[in-house]
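The values are calculated or read from the model by the stated rules, or taken from the named source; none is laboratory data. Computed from a prediction, not measured in an experiment: that's the story for all the values here. Here Cβ is always computed from backbone atoms with ideal geometry, including for glycine, and neighbour counts include all displayed protein chains.
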Amino acid sequence: MRGLWRSPLAWQVTLYMGSQSLNYYAAAAWLPTMLKDAGLGAGDAGWMLSFSSLLGIAGSFLAPVVVGRRLPSGVLAALGAVLCALGFTGMLTAPVGGAYLWMALLGLGQGVAISLALLFIVQRAPDARHAAQLSSMAQCFGYVLAATGPTVLGAVHDSSHGWTVRWCCCWRCWSRRPPSASGLARPAGGGQRRRRRRGPREVPVGGARPGG
């Protein structure tokens, strides 16, 4: 486990997990309140969050299937980030008039992000033991980071007396995710052909070769 703490790739996986979870929990905590402030009824605002979550389930199931059909996971991560950025932008400009569209974009984008976060854990570990260790690290530190999201963004809302700064923070976080995901999506060890010539593949995380 100590080897993971010294691995930049392991921390990259962890930060991706944490940042996507932070945005999800921040949205889940505050979107209904924002919609209520914009004039939507309490029941309708709660339904919008449920609607977004339902589409998030669909996005999380579709993402591995699409990656399995040879669409690069980095491209899919960028697409998920764009969907969420559009959703956040729409919530700032027309939160009630386009609520269904914005919540659909957010739900699909967030579903793709959590699915890829879990996929990267499996892809970047050389065996089941390292996958379990990387999963523990990514989810432990990632969810600790995510837990700060609703509180910090609530404080930002109170200090700015509005929603613009808060959603700009979320948008900024999403805009930084595609470069990180593109690094995680690159094959370890320089590709399959190089691994065949050099023998065992390079171990992405963990500091030890499988079985060694």
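Taken over segment 128-146, the criterion of being in contact (Cβ under 8 Å) with a residue 40 or more places away in the chain and either surrounded by 14 or more Cβ atoms within 10 Å (Cβ to Cβ) or among the aromatic types (Phe, Trp, Tyr) (or both) is satisfied by His130, Gln133, Leu134, Met137, Ala138, Gln139, Phe141, Gly142, Tyr143, Leu145, Ala146.
The number of residues in segment 82-111 that are touching a Ser or Thr at 6+ places or on another chain (Cβ under 7 Å) and either of a type in the set (D, E, K, R) or closer than 16 Å to Ser21 by Cβ (or both) comes to 3.
The single condition from (1) surrounded by fewer than 19 Cβ atoms within 10 Å (Cβ to Cβ); (2) closer than 21 Å to Tyr100 by Cα; (3) at pLDDT below 90 that Gly46 fails is (3). Selection over segment 44-90 of residues that are β-branched (Val, Ile, Thr) and farther than 28 Å from Thr33 by Cβ gives a count of 4.
Among residues of segment 77-93 that are at pLDDT 85 or above, those with a beta-carbon under 6 Å from a residue that is not in a helix (DSSP H, G or I) at least six positions away or on a different chain give the pairs Gly90/Gly98. Residues of segment 120-133 that are more than 19 Å from Ala63 (Cβ to Cβ) and aliphatic (A, V, I, L, M): Ala128, Ala132. Against the test of being over 21 Å from the mean Cα position of the chain (by Cα) and either in contact (Cβ under 8 Å) with a residue 40 or more places away in the chain or not in a helix (DSSP H, G or I) (or both), the options Leu62, Leu35, Leu55, Leu71 yield a single qualifying residue, Leu35. Every listed requirement among (1) surrounded by fewer than 21 Cβ atoms within 10 Å (Cβ to Cβ); (2) in a helix (DSSP H, G or I) is met by Leu108 save one, (1).
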